[in-house]
Amino acid sequence: MNSNLFAFFFFVLVTLALSLITLLKFFLKLKPWCNCDTCKSYVSSSWTSKFTNLCDWYTHLLQHSSTGTIHVHVLGNIITTNPENVEYILKTRFENYPKGKPFQTILGDLLGRGIFNVDGHQWKFQRKMASLELKNSSIKSYAFEIVSSEVKGRLIPLLSSVSSNKNQILDLQDVFRRFSFDNICKFSFGFDPGCLNLSLPISEFALAFDLASRFSAERAISASPLIWKFKRFFNIGSERKLKEAIKLIDLLAEEVIKHKRNEGSFSTHHDLLSRFMASIVDDKYLRDIIISFLLAGRDTVASGLTSFFWLLANHPEVKKSIIQESDKIMDQSQEIATYDQLKQMHYLQASVYESLRLYPPVQFDSKFCSQDDVLPDGTLIKKGTRVTYHPYAMGRMKSIWGEDAGEFKPERWLEEGGIFKPQSPFKYPVFQAGLRVCLGKEMALVEMKCVALSIIRQFDLKLPENSLNQYPKFMPGLTAAIRGGLPLLVKERRLF
Ligand code: HEM
């Protein structure tokens with residue numbers, strides 16, 4: 001046998017042996033033979049006969065667990081709603097619960113070495129740089145300027161044009177996704193994709209970004225990582241589409257970075273990319289950092305706004321109180337509140353927090369345990385186990401929020417005199433908590449309040465008859481999105 005052929009067979013044998021060992025390790029860890037009720041129900045999907053969403057079924061199981069923690073053996077996943085456990089994972093033993101390799105591999109092609117997808121030194125470096133930038137008051141006012149000009153120049157005119165047509169229905173989820181994409185691109189790149197123009201097809205870049213996030217999320221829910229790795233190796237199906245979408249994103253990022261380099265004088269530009277360019281010379285690294293921000297800030301805000309308007313459509317009394325509060329602070333003719341005025345609106349803030357409590361954009365978030373450990377509630381965690389905290393279920397726990405946990409009541413966030421009173425972030429990890437708490441929290445809240453208030457003051461949005469009393473059904477993905485969108489009837493308030 002010639003030596004090349006021998007080398008080839010040797011390579012194939014070693015690859016096969018390694019794949020078999022990986023497969024065996026994978027099955028041993030996941031316990032696919034588990035016969036407990038939860039695992040049987042998961043594998044047979046029988047939970048779908050009683051629950052609309054997987055997160056609702058998990059919530060039910062967690063509510064009935066004495067510790068507020070469950071173990072889904074077939075997934076090798078320990079899920080908790082216990083605030084003490086959450087504090088332990090995200091703060092006390094932070095080093096023992098990194099993002100871990102499995103998710104880094106899943107999101108690696110899209111996010112590379114961006115902040116969202118790294119641990120250790122790379123994370124510390126980006127975290128320090130990004131938090132210095134985001135705390136800067138000039139970037140805060142830059143972010144607010146972008147939001148208010150997009151609201152004034154695009155969002156309000158769009159809703160006005162729709163409301164002038166009788167019985168016109170608008171998918172608000174789609175509008176918010178376009179809106180937040182324009183915003184985060186302007187903020188991160190200083191580039192305006194102009195998505196909030198419904199007469200134009202959504203930009204190629206936004207489409208590529210949508211596809212890349214969707215196919216990356218699909219990797220996370222595939223029965224075994226070997227499936228998507230196989231498809232990636234042979235460049236077929238969803239993996240081929242993912243590769244094409246990422247290629248387009250890379251091309252655009254390259255163009256923007258090149259353009260900025262040619263322009264020079266980064267210090268005079270406010271966008272995040274220009275700020276990072278002043279201290280980073282590696283273009284691939286810059287691309288990764290900025291793409292992480294795009295992912296972090298786009299769908300989350302759109303998701304939060306969509307659920308908020310779904311709740312308001314079902315709770316007109318909350319909408320009325322928001323308008324009453326704003327009338328005391330703003331002029332009658334004022335279209336958009338100022339940054340300082342928004343800060344004075346405690347009821348508005350409470351309503352947004354309450355909406356995020358029941359419908360957190362990031363419904364669950366997982367870490368991987370590095371060394372064997374025991375959680376404060378006594379749960380044993382073996383090295384390599386996936387540990388998930390579940391903000392969606394936490395928002396519905398009577399043990400955390402009391403008997404009325406399932407109700408939409410902004411008042412629970414207000415103390416005497418109507419002043420907003422925050423809760424422990426470990427009870428409410430909607431923005432995560434501890435050392436990796438969301439860096440865009442303040443920005444996101446200001447954006448949500450500004451958009452919501454501008455719409456509420458000028459328009460009345462109603463659910464069409466056929467969607468009344470329908471509970472949202474979520475699509476699988478990294479961020480919560482309602483299947484079928486949020487179709488609402490739009491009318492200008494003065495026309496009512
Ligand atoms: C309602 C809106 C938002 C919600 C609910 C939210 C929630 C979260 C959550 C749960 C995480 C932790 C994710 C993980 O580690 O797996 C996170 C991280 C992060 N968020 Fe947000 N986010 C929002 C908006 C934003 C915005 C607008 C930006 C940017 C301008 C942003 C920037 C970031 C960054 C950079 C991280 C990574 C922090 C780190 O790993 O140290 N977020 N966010």
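Descriptive notes on the structure:
- Every listed requirement among (1) closer than 29 Å to Glu145 by Cα; (2) more than 15 Å from the ligand (Cβ to nearest atom); (3) in contact (Cβ under 8 Å) with a residue 12 or more places away in the chain; (4) in a helix (DSSP H, G or I) is met by Ile400 save one, (1).
- Verdict on Thr80 being at pLDDT 95 or above and among the hydroxyl-bearing types (Ser, Thr, Tyr): yes
- The set of residues in segment 350-382 that are in contact with a strand residue (DSSP E or B) (Cβ under 8 Å, 6 or more places away or on another chain), closer than 14 Å to Gly76 by Cα and among the basic types (Lys, Arg) contains only Lys367.
- For segment 214-236, the condition of being within 16 Å of the ligand (Cβ to nearest atom), assigned to a helix (DSSP H, G or I), within 27 Å of Asp192 (Cβ to Cβ) and under 19 Å from the mean Cα position of the chain (by Cα) holds for at least one residue.
- Matching residues, segment 276-302, being more than 15 Å from the ligand (Cβ to nearest atom), in a loop (DSSP other than H, G, I, E, B) and open to solvent by less than 30 Å² (accessible area, probe 1.4 Å): Ile280
- Residues that are modelled with pLDDT of 90 or more, of a type outside the set (S, T, N, Q) and open to solvent by less than 60 Å² (accessible area, probe 1.4 Å), drawn from segment 1-53: Cys36, Cys39, Trp47, Phe51
- Segment 433-458, residues that are of a type outside the set (A, V, I, L, M, F, W, C), over 21 Å from Ala143 (Cα atoms) and either within 16 Å of the ligand (Cβ to nearest atom) or within 22 Å of the chain's Cα centre (by Cα) (or both): Gly434, Arg436
- Which numbered condition Leu461 misses (of (1) within 20 Å of Ser326 (Cβ to Cβ); (2) within 16 Å of the ligand (Cβ to nearest atom); (3) outside any helix (DSSP H, G or I)): (2)
- Hits in segment 113-132 - residues which are closer than 21 Å to Arg298 by Cβ and exposed (fewer than 14 other Cβ atoms within 10 Å of the Cβ): Ser131
- Looking at segment 28-118, the helices (runs of 4 or more DSSP H) lying wholly inside it that each contain 2 or more residues that are among the polar types (S, T, N, Q) sit at 37-44, 54-63, 101-111.
- Filtered by the rule that a residue be in a loop (DSSP other than H, G, I, E, B) and either over 18 Å from Ala480 (Cα atoms) or out of contact with any strand residue (DSSP E or B) (no Cβ under 8 Å at 6 or more places or on another chain) (or both), segment 425-453 gives Pro425, Phe426, Lys427, Tyr428, Phe431, Ala433, Val437, Leu439, Gly440.
- Neighbours by Cβ (under 9 Å, 6+ apart or cross-chain): first from segment 102-127, more than 15 Å from Lys284 (Cα to Cα); second of a type in the set (Phe, Trp, Tyr) and buried (at least 19 other Cβ atoms within 10 Å of the Cβ): Pro102/Phe368; Phe103/Phe368; Ile106/Trp228; Leu107/Phe116; Phe116/Phe293
- When residues of segment 359-386 are limited to those that are under 27 Å from Pro476 (Cα atoms), in contact with a Leu (Cβ under 8 Å, 6 or more places away or on another chain) and more than 11 Å from the ligand (Cβ to nearest atom), the one most open to solvent (accessible area, probe 1.4 Å): Arg386
- All of Leu435, Leu489, Leu445, Leu453 fail the test of being open to solvent by 20 Å² or more (accessible area, probe 1.4 Å) and at pLDDT 95 or above, apart from Leu435.
- Flag if Leu305 is open to solvent by less than 20 Å² (accessible area, probe 1.4 Å), closer than 21 Å to Ala217 by Cβ, modelled with pLDDT of 95 or more and within 10 Å of the ligand (Cβ to nearest atom): yes
- The residue that is farthest from the chain's Cα centre (by Cα), counting only those in segment 142-163 that are open to solvent by 60 Å² or more (accessible area, probe 1.4 Å) and in contact (Cβ under 8 Å) with a residue 24 or more places away in the chain, is Lys152.
The values are calculated or read from the model by the stated rules, or taken from the named source; none is laboratory data. Being a predicted model, the structure only gives us computed values, none of them experimental. Glycine also receives a Cβ, built like all others from the backbone with ideal geometry; neighbour counts cover every protein chain displayed. We work out accessible area using only protein heavy atoms, side chains counted, and drop any ligands, DNA or RNA first. Shrake-Rupley method; radii C 1.70, N 1.55, O 1.52, S 1.80 Å.
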